[in-house]
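Asker: What follows is a structure written as C-alpha cells; I'll ask about it next.
The values are calculated or read from the model by the stated rules, or taken from the named source; none is laboratory data. These figures come from a predicted structure and were not determined experimentally. When we count neighbours, we look across all protein chains shown, and the Cβ atoms used for this are built from the backbone with ideal geometry, even at glycine.
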C-alpha cells in the first residue's frame, strides 16, 4: 500500500460547474457536494437540477429533434467524429477528472474509460451514412413498398457512477448516429466527467438542444422517465432501479433498454493454464475495485485444482497495492462511498456466518494518511451457490470460490442465479469450451480471457441483467423505428395527352 501523491487538479473542477440545456450553460440554486472517494473530502460543487430544469432539457431536445433528424448524415458523422477528436485532445484531463471523481487508478482510466470512449464515438461516427432502408418485394401487382429507418426521438440516457464517461458514450454514440436528441442524467455520485464532456460537445458545434445534461438523484431520474416528451429510455444501473423505470415508462409506452446487474460465473477446468486462469480470475473481480456489472464474482473451480487456484488468486490479492488513483504505484483504488463500502462488507460478514472462509482480505483498509473508502481485496473459499454472497450482486472486490465436480453439475450451478450478463471459461479444450458456452445463460462469454470489449461487438444481458444491446450495429436498433411506405405505380403513370412532350 502506498501514500497518495499530489496530482494536478484540472481547472474545470474549480467551476462554476453548470448544467447544459438548449445550448447554454445554466446555473442552479441547489448544489451537490461531490466527494473524492480516495480522501473522503469535497472535490467540487455540482449543479443540482429540479423538475423545472428537467422539463427545460426535455423540451429543448424535443424542439431540436426535427432539425437534427434531417441534418445530412455526413454532417452528423463529421460532428460525432469531431467530438471524439476533442476528447482525444483532452484525454489526460478527462482521465484525471475520472480518477478524482470515481477513485479508479489513472492507468485504468486512460487505457479503458477514455480510450474506449473515443473509439466508440469514432465507430458510431461511421454509421449515419450507412443506416439504410429496404425495398421489400410484395405480391400486389403495380405496388411498390419501401421501408425507411427513422430515429425514435428524444432519448433519456441515465448512467451509473462506475464508468461515468464511458457509459454516457455507450448511449450517446448510437443515439446521435441514429438522429435522436439526448438528455443525459449521470449518477450524482460521479457526474463531473459528463459535465466536462458537455463543454466539449458545445465547443464541437452541435446544434443547440441536441445534447443536454441534468444532474440529480432518483427524483430527477423519475421526472425524466415520466416526462411525456421522452420517447426512449436507455438505462444502466441496478436491477431494482431498472424495474422501477420499466414500470414508470408503461403509461406512455416508451421504448426502454436496460443494462442491469450481474453475477457472472468464471469457470476454470482442471486442464486450464492455471496461471492464466488465476490472472483472469484476479482481473475479472478486482478491476475497477470490483465495481463492474461484468465482474467475475463467482469463481467455479474444478475440484482437483480448486485449492491451488484459490491460493494463487489469494496471493495476488494480498499483494495488491491500494492507494490514490493518481499515485502511479496504485493498483486498486477506493470504493465509491462509505455507504457502499459498508454494504459490501455486510456481504462478507454474511458469508462467514453461513460457513464460508475468508482467505484474503475481508475488511476495510487504511492507506497512509488517506481517509478514503478503501477495502481489502477479498477472496472467500468454501462458498455454496445458494449463499447470499453467491446470489446477489455485491459490486465490490469480493470473490466467491465455488468448487465443482462434473460438467452437468457445473452448468446447473452457473445458471442457477437470476442474472445472465457475462461468463468466463478457462480450458485447453476448445470444443468443450464452446459446448459449455452454448449452454450458459449469459449475453457474453469469454474463453481463456475475461472482460474484453470492442465498439463493434454487441454487449448486453439476459434474465435480470436486462435487455437490449450496447455496442455494435445491434445497439442502433433501439434508437430507430421503421416506417413502411406504399406507392401505387399505376396511379403514377401519366394519362394520354399529359406529361412531358405531349
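Asker: Could you list all residues from the range 266-304 that are surrounded by fewer than 19 Cβ atoms within 10 Å (Cβ to Cβ) and farther than 26 Å from residue 164 by Cβ? Walk me through it before giving the result.
Answerer: Step one: list which residues in the range 266-304 are surrounded by fewer than 19 Cβ atoms within 10 Å (Cβ to Cβ), which gives 270-271, 273-276, 279, 283, 303-304.
Listed by number, the residues that qualify are 270, 271, 273, 274, 275, 276, 279, 303, 304.
Asker: Another question, if that's okay. Mind listing just one residue for me: the one in the range 295-310 that is part of a helix (DSSP H, G or I), in contact (Cβ under 8 Å) with a residue 24 or more places away in the chain and out of contact with any strand residue (DSSP E or B) (no Cβ under 8 Å at 6 or more places or on another chain) and, of those, farthest from residue 281 (Cα to Cα)?
Answerer: At the first step, the residues of the range 295-310 found to be part of a helix (DSSP H, G or I) are 303-310.
Remaining after also requiring in contact (Cβ under 8 Å) with a residue 24 or more places away in the chain: 303-306, 308-310.
Keeping just the survivors that are out of contact with any strand residue (DSSP E or B) (no Cβ under 8 Å at 6 or more places or on another chain) gives 304, 308.
Numbers: 304: 17, 308: 13 Å.
Checked the range 295-310; the qualifying residue farthest from residue 281 (Cα to Cα) is 304.
Asker: Something else: Of all residues in the range 179-188, which are assigned to a loop (DSSP other than H, G, I, E, B), in contact with a strand residue (DSSP E or B) (Cβ under 8 Å, 6 or more places away or on another chain) and surrounded by 20 or more Cβ atoms within 10 Å (Cβ to Cβ)?
Answerer: Across the range 179-188, the qualifying residues are 179, 180, 186.
Asker: Name, by its number, the condition in (1) outside the structural domain of residue 243 (by TED's automatic domain parsing); (2) in contact (Cβ under 8 Å) with a residue 60 or more places away in the chain that does not hold for residue 458.
Answerer: (2)
This table checks each residue for (1) outside the structural domain of residue 333 (by TED's automatic domain parsing); (2) surrounded by fewer than 19 Cβ atoms within 10 Å (Cβ to Cβ); (3) modelled with pLDDT of 95 or more.
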residue: 7; (1), (2), (3): yes, yes, no
residue: 12; (1), (2), (3): yes, yes, yes
residue: 21; (1), (2), (3): yes, no, yes
residue: 45; (1), (2), (3): yes, yes, yes
residue: 51; (1), (2), (3): yes, yes, yes
residue: 55; (1), (2), (3): yes, yes, yes
residue: 65; (1), (2), (3): yes, no, yes
residue: 79; (1), (2), (3): yes, no, yes
residue: 94; (1), (2), (3): yes, no, yes
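Asker: What do you reckon, is residue 160 closer than 30 Å to residue 55 by Cβ and either assigned by TED's automatic domain parsing to the domain that holds residue 175 or not in a loop (DSSP other than H, G, I, E, B) (or both)?
Answerer: Working: closer than 30 Å to residue 55 by Cβ: yes; either assigned by TED's automatic domain parsing to the domain that holds residue 175 or not in a loop (DSSP other than H, G, I, E, B) (or both): yes.
Yes.
Asker: Those residues that are farther than 23 Å from residue 291 by Cβ and buried (at least 19 other Cβ atoms within 10 Å of the Cβ), I need them from the range 383-410; list them, please.
Answerer: From the range 383-410, those farther than 23 Å from residue 291 by Cβ are 384, 386, 403-410; that's our starting set.
Answer for the range 383-410, where residues must be farther than 23 Å from residue 291 by Cβ and buried (at least 19 other Cβ atoms within 10 Å of the Cβ): 403, 404, 410.
Asker: I would also like to ask the following. Listed residues 172, 176, 144; which is touching a residue at least 12 places away in the same chain (Cβ under 8 Å), surrounded by fewer than 24 Cβ atoms within 10 Å (Cβ to Cβ), touching a strand residue (DSSP E or B) at 6+ places or on another chain (Cβ under 8 Å) and over 23 Å from residue 34 (Cα atoms)?
Answerer: Numbers: 172 fails: surrounded by fewer than 24 Cβ atoms within 10 Å (Cβ to Cβ); 176 fails: surrounded by fewer than 24 Cβ atoms within 10 Å (Cβ to Cβ).
Among 172, 176, 144, only 144 is touching a residue at least 12 places away in the same chain (Cβ under 8 Å), surrounded by fewer than 24 Cβ atoms within 10 Å (Cβ to Cβ), touching a strand residue (DSSP E or B) at 6+ places or on another chain (Cβ under 8 Å) and over 23 Å from residue 34 (Cα atoms).
Asker: For the range 426-480, give me each residue that is more than 20 Å from residue 279 (Cβ to Cβ) and part of a strand (DSSP E or B).
Answerer: Answer for the range 426-480, where residues must be more than 20 Å from residue 279 (Cβ to Cβ) and part of a strand (DSSP E or B): 459, 462, 463, 466, 467, 470, 480.
Asker: Determine whether the range 494-502 contains at least one residue that is modelled with pLDDT of 95 or more, assigned to a loop (DSSP other than H, G, I, E, B) and outside the structural domain of residue 145 (by TED's automatic domain parsing). Walk me through how you get there before you give the answer.
Answerer: Just the residues of the range 494-502 that are modelled with pLDDT of 95 or more, to begin with: none.
No.
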